[in-house]
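The next block holds one structure in the form of structure tokens; read it before the comments.
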Amino acid sequence: MNGLSFEKKLEFARKKTAEYNQEHLLQYFDLLDDNEKELLLDDILNIDFQFMCSLYKNANKEINAKNLDLKPAVGVPKSSMNQKELDEIYELGLAEISKGALCAVTMAGGQGSRLGHKGPKGTYDIGLPSHKSLFEIQCDGLKRISEKAKVAIPWYIMTSETNHEESVAFFEKNNYFGYPKKDIMFFKQSMIPVMDKQGRILLESPSKILKSPNGNGGLFSSLKDKSIFSDMRKRGIKWIFICGIDNVLVRMADPYFLGFTIKNKYKASAKSFLKRDASEKAGVFCYKDGRPYVIEYTEIPKELAELKDEKGDYVYGDTNVLNYIFDIDVAENIASAGLPYHTQIKAVTAYINGEYVESIKPDSYKFETFLFDSFNMLDDMGIFRIEREEEFAPVKNKTGIDSAESAREMYLAVYGAES
Ligand code: UTP
């Protein structure tokens, strides 16, 4: 569409928006300057309206979990291993890292809407004595393993249009926290339009469509589209360590995790911890139709959520903590297959009827893909069960559960007041 004349673009945009009842997108067109007009037309012509329509139609569909063929997937507790076994997987993992075969990927493209921090979540200071940001905390973790392995671990950071420039500028300003600049790479994930509950695509401003990042499941396709897999291969990477930005206790490039994966000949592994109670709001690992799967707390039948084994542990209890290791070949295969979109109802600020309107409560449809949906394409995967209080302290909310305050306390309990 880029080669089209202005008039042709306008004609197409008018036709498309009329066909899909989205004429309001051109409501302020005549008020825009020439540059804004071009930007809006390009934005509109890049929308796959038919696809957006199908997402809207599916937005309220309930998943009938009763008909799913589910089997438990039980994690291997790290705490059940003796010192010899632990040493063995650690050495195995560290040796592979020393060969330069592991890279780390941080998914930092989210909007952190619940936290409400102005700026990328990675720049957030949880109030440690050192006032380290979430980015610096992860960088410190990588430095620790890099020193042990005597090799700098390449670090890829996924951002999105909403926070890319600010994230890169933050690293620049902080001199990359002393990490080799050539080993930190940023790439943007894709964005997708946001809709209201009537199925109207929203505007961010008179000249711009409101879009949100396409979920953490956008990772593999972005690694492919942005030629990151090729960069990894040039560097001799075989394993990809993946985590989110907001768990302050994440063990970056964990040699135990990698060693566990290699020793058991898995091509992909996930970390888990045991859920606290049957109704905990988190997805758990299981097998669906004989393949690995994460079933959401909203989907799992109550009797399975409550089922316990003879030791009293939940059978469907291994909680997904957004920390994975993938063999690069497997990740690249998955990248070519699309992942399904899930609807999230979120509060947004949109330009409606000539003014900027901020939702008072979540009322708009954002569409996200989840990385864990790719697990069902694997024959099997490892589940490495860790202790929650040692490795999991997420920063999601302003206050209360999973807030900066709770994460800070847990971080200080593990790393001490010097941190
Ligand atoms: P969350 O799903 O908790 O989203 O992301 P969030 O953006 O941090 O916060 P809310 O829901 O808007 O309050 C879990 C991890 O996945 C990343 C986030 O940056 C975080 O590290 N993520 C999420 C992405 O990289 N891209 C996305 O599109 C969504």
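The values are calculated or read from the model by the stated rules, or taken from the named source; none is laboratory data. Predicted model only: the values in this text are computed from it and were never measured. Note that we place each Cβ from the backbone using ideal geometry, even for glycine, and neighbour counts take in every protein chain shown.
Selection of the range 7-30 for residues being part of a helix (DSSP H, G or I) and within 22 Å of D196 (Cβ to Cβ) yields A13, R14, K16, T17, A18, E19, E23, H24, L25, L26, F29. Given the condition buried (at least 18 other Cβ atoms within 10 Å of the Cβ) and under 19 Å from M107 (Cα atoms), answer yes or no: does some residue in the range 271-281 qualify? Yes, there is a match, as at least one residue in the range 271-281 is buried (at least 18 other Cβ atoms within 10 Å of the Cβ) and under 19 Å from M107 (Cα atoms). Screening the candidates E147, E88 for the property of being acidic (D, E) and either within 14 Å of the ligand (Cβ to nearest atom) or without any contact (Cβ under 8 Å) to a residue 60 or more places away in the chain (or both) yields one hit, E147. Close Cβ contacts (under 7 Å, 6 or more residues apart or on different chains) running from residues in the range 107-118 that are farther than 16 Å from S364 by Cα to residues that are more than 6 Å from the ligand (Cβ to nearest atom) and charged (D, E, K, R) comprise L115/K398; G116/K398. Note on the range 362-379: residues that are away from the ligand (no atom under 13 Å from the Cβ) and surrounded by fewer than 17 Cβ atoms within 10 Å (Cβ to Cβ) total 4. Residues satisfying the criterion are absent from the range 288-302 (criterion: crowded, with 17+ Cβ neighbours inside 10 Å and out of contact with any helix residue (DSSP H, G or I) (no Cβ under 8 Å at 6 or more places or on another chain)).
Taking the numbered list (1) in a helix (DSSP H, G or I); (2) touching a helix residue (DSSP H, G or I) at 6+ places or on another chain (Cβ under 8 Å) in turn, L4 passes all entries but (1).
A search for C-beta distances below 6 Å between a residue of the range 228-254 that is without any contact (Cβ under 8 Å) to a residue 12 or more places away in the chain and under 30 Å from L128 (Cα atoms) and any residue that is within 16 Å of the ligand (Cβ to nearest atom) and part of a loop (DSSP other than H, G, I, E, B), counting only pairs 6+ apart in sequence or on different chains, returns nothing. Selection over the range 91-112 of residues that are within 14 Å of the ligand (Cβ to nearest atom) and either loosely packed, with under 15 Cβ neighbours inside 10 Å or not in a loop (DSSP other than H, G, I, E, B) (or both) gives a count of 4. For the range 195-242, filtering for residues that are among the β-branched types (V, I, T) and within 16 Å of the chain's Cα centre (by Cα) leaves 2. Does any residue of the range 122-131 turn out to be touching a Phe, Trp or Tyr at 6+ places or on another chain (Cβ under 6 Å), within 13 Å of the ligand (Cβ to nearest atom) and under 23 Å from K396 (Cβ atoms)? Scanning the range 122-131 turns up at least one residue that is touching a Phe, Trp or Tyr at 6+ places or on another chain (Cβ under 6 Å), within 13 Å of the ligand (Cβ to nearest atom) and under 23 Å from K396 (Cβ atoms). Condition first: modelled with pLDDT of 95 or more and more than 19 Å from the chain's Cα centre (by Cα). Can you find one or more residues in the range 118-126 that meet it? Checked against the condition, which is being modelled with pLDDT of 95 or more and more than 19 Å from the chain's Cα centre (by Cα), the range 118-126 yields at least one hit.
Filter the range 73-85 for residues that are part of a helix (DSSP H, G or I) and in contact (Cβ under 8 Å) with a residue 12 or more places away in the chain and give the result. Listed by number, the residues that qualify are K78, S79. Is it the case that N35 is closer than 25 Å to K197 by Cα and loosely packed, with under 15 Cβ neighbours inside 10 Å? Judged against the criteria, N35 is not a match.
The condition (being closer than 27 Å to L223 by Cβ and outside any helix (DSSP H, G or I)) is satisfied by just one residue among D380, D373, D329: D380. Of the residues E303, E310, E390, the single one that is more than 23 Å from G112 (Cα to Cα), among the charged types (D, E, K, R) and in contact (Cβ under 8 Å) with a residue 60 or more places away in the chain is E390. Number of residues in the range 319-354 that are over 22 Å from S212 (Cβ atoms) and more than 19 Å from the chain's Cα centre (by Cα) equals 2. For the range 239-281, the candidate set comprises residues that are over 20 Å from I328 (Cβ atoms) and touching a Ser or Thr at 6+ places or on another chain (Cβ under 6 Å); within that set, the residue that is nearest to the ligand (Cβ to nearest atom) is I245.
Taking every residue in the range 355-384 that is closer than 20 Å to G338 by Cβ and pairing it with any residue that is within 16 Å of the ligand (Cβ to nearest atom) and of a type in the set (D, E, K, R), at least 6 positions away or on another chain, the pairs with Cβ-Cβ distances below 6 Å are K366/K346. Exactly one residue among E310, E390 is modelled with pLDDT under 95 and either touching a Cys at 6+ places or on another chain (Cβ under 9 Å) or away from the ligand (no atom under 16 Å from the Cβ) (or both), and that residue is E310. Considered as a group, the residues in the range 205-230 that are more than 16 Å from the ligand (Cβ to nearest atom) and touching a strand residue (DSSP E or B) at 6+ places or on another chain (Cβ under 7 Å) include one that is farthest from I328 (Cα to Cα), and that residue is P206. L249 meets the conditions (1) modelled with pLDDT of 95 or more; (2) over 18 Å from the mean Cα position of the chain (by Cα) in every case but one. The failed one is (2).
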